[in-house]
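This report refers to the structure that appears directly beneath it.
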Amino acid sequence: MPRRRRRSRVSALEGGREEEAPPEAAAVPSALLTSSQQTEAAAEQILLRGIFEIGRGSCDVVLSDQALRWRPIQPERPTGDSKYDMLCKEEFIELKDVFSVKLKRRCSVKQQRSGTLLGITLFICLKKEQNKLKDSTLDLINLSEDHCDIWFRQLKKILTVTEYEGHAVSLLKECELQGFDGRHWKPLFAIHWSVQRLFTGIQTLEPSVVCVGGDGSASEVAHALLLRAQKNAGMETDGILTPVRAQLPLGLIPAGSTNVLAHSLHGISHVVTATLHIIMGHIQLVDVCTFSTTNKLLRFGFSAMFGFGGRTLALAEKCRWMSPSHRRDFAVMKALAKLKPEDCEISFLPFKSSEDVQERRAQGSPKSDCNDQWQMIQGQFLNVSIMAIPCLCSVAPRGLAPNTRLNNGSMALIIARNTSRPEFIKHLKRYASVKNQFNFPFVETYTVAEVIVHPRNNSSRYSPEEEEEPHETASENSFPWNVDGDLMEVTSEVHVRLHPRLISLYGGSTEEINDSKVTCNCL
């Protein structure tokens, strides 16, 4: 790609001055039509048709309600010329992959606002390798002001999806923002320069909440959105059995040390990919858990660890002066050095089907319901994990719960019973490999809908005297839990319930991304 062409495309995306001269030839997104695609094209509603220069040559361009299609205009040649037939193949982009449109102008240094019209620029979302998304552009060159204005207005009308002006404000004006600490947030431009330019001139962005941060920040915002939904529905927040769904979708731009939630959503921890999912409106319904004790809601969340996972986080919280990676490694090593089991009784309700779960939630079935076949195990456990999402991250590329999905209506209960330190370390190391991390005699896995973890004595209680410096907030009578990267200290048993598809998050599951119909090549 010519160097000057790359600079001009970045300038257009940033909303600055465009290039001083007409664009050079560039490759364009391409996808050859199959017979089925031709049938689909015939069923589309044609909105506009005109001539634009795309790349080096003039093209016959057709805009429908679903796609933009173009075919090079070539002089007549004898039939049967395979090379000529290939050049005349129709190419297209689907409008669902276009997230913005703007008029393309040539601006001189002295011109402040407008310049000579060159045509129209479309901003497109492309699929790359390993679930990664990338933005690109397509230039439709035509010097006619009237012609481009008609096309620009039609494209802008298609991309505009908000219900009415001020819709986002009306949804957000009642939000209580006093509880948010600005010190935990980073501006978009501090994360990646590409994120800031992607939001320039977007017509498709719907009312939503976007969180830039790690797992703790993302979980906290999701918790706040769900609490707001319960309040708006007039529901009490204590002992919620059937919570209502969050009213606004949540977008996550990863900026933490692990980014488990964002990684599980997108299949990759990549800032631009996460941003493009938000811009493109790729909504994914996700299961959420409620963590409660004695009929009191503690919080909403997606995953939790008790035992080794909770103790590790409690140690890491004491070392906030370290960098995130050093803090994590130090806490893991120290927790392994002082590894000891937790004496617990664990009751769980096996998962049956999504229909059974919804019926059980509607009936508000407690643990004592005779129709529910609760199971109970007890003993010495090194770690207990309860996860409603796969929990992908850099140290566990297959996920901490690889058999769990984002919205299959069940949770993974993973229990590591007491064993020797070397064997437990082997189990932990398996998460970073392709081998089965559960193929150990001391590891048990269950697919569940509800879990109750009840510590049976004081041996598992967190004691600050065990450490060199006392924990500022820990209580001698508390049990440390790791809930989505946040430390939750509880003095009694914890009841975890799954609530299917309770919140909408921007992202695409690994399966959906791999099945995407985005076939355009990178420009």
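The values are calculated or read from the model by the stated rules, or taken from the named source; none is laboratory data. It should be emphasised that the depicted structure is a prediction, and the values quoted were computed from it without experimental measurement. Don't worry about glycine lacking a Cβ; one is built from the backbone with ideal geometry, like all the others, and counts go over all protein chains shown. Just so you know, the surface numbers come from the protein's heavy atoms only, side chains and all, with ligands and any DNA or RNA stripped out. Shrake-Rupley method; radii C 1.70, N 1.55, O 1.52, S 1.80 Å.
Looking only at residues in region 298-308 that are in contact with a helix residue (DSSP H, G or I) (Cβ under 9 Å, 6 or more places away or on another chain) and not aromatic (Phe, Trp, Tyr), the one that is surrounded by the fewest Cβ atoms within 10 Å (Cβ to Cβ) is Arg299. Tell me yes or no: at least one residue of region 286-293 is hydrophobic (A, V, I, L, M, F, W, C) and open to solvent by 30 Å² or more (accessible area, probe 1.4 Å). Checking region 286-293: not a single residue is hydrophobic (A, V, I, L, M, F, W, C) and open to solvent by 30 Å² or more (accessible area, probe 1.4 Å).
Of all residues in region 455-466, at least one satisfies being more than 30 Å from Gly213 (Cα to Cα) and at pLDDT 90 or above. The conditions of being over 30 Å from Ala246 (Cα atoms), at pLDDT 90 or above and among the acidic types (Asp, Glu) are not met by Glu476.
For (1) under 22 Å from Pro397 (Cα atoms); (2) touching a residue at least 40 places away in the same chain (Cβ under 8 Å), each residue gets a yes or a no:
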| residue | (1), (2) |
| --- | --- |
| Ile279 | no, yes |
| Gln284 | yes, yes |
| Phe308 | yes, yes |
| Ala314 | no, yes |
| Arg320 | no, no |
| Phe330 | yes, no |
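Considering only residues in region 78-120 that are modelled with pLDDT under 85 and of a type in the set (Phe, Trp, Tyr), the one that is least open to solvent (accessible area, probe 1.4 Å) turns out to be Phe99. State all residues of region 395-447 that are assigned to a strand (DSSP E or B), open to solvent by 20 Å² or more (accessible area, probe 1.4 Å) and closer than 22 Å to Ser257 by Cα; if no residue qualifies, say none. None; the set is empty. There is at least one residue in region 274-284 that is assigned to a strand (DSSP E or B) and either open to solvent by less than 30 Å² (accessible area, probe 1.4 Å) or in contact with a helix residue (DSSP H, G or I) (Cβ under 7 Å, 6 or more places away or on another chain) (or both). A single member of Thr242, Thr290, Thr312 is among the hydroxyl-bearing types (Ser, Thr, Tyr) and assigned to a strand (DSSP E or B), and it is Thr290. Within region 46-54, is there a residue that is in a strand (DSSP E or B), surrounded by fewer than 14 Cβ atoms within 10 Å (Cβ to Cβ) and either at pLDDT below 85 or charged (D, E, K, R) (or both)? Yes, some residue in region 46-54 is in a strand (DSSP E or B), surrounded by fewer than 14 Cβ atoms within 10 Å (Cβ to Cβ) and either at pLDDT below 85 or charged (D, E, K, R) (or both).
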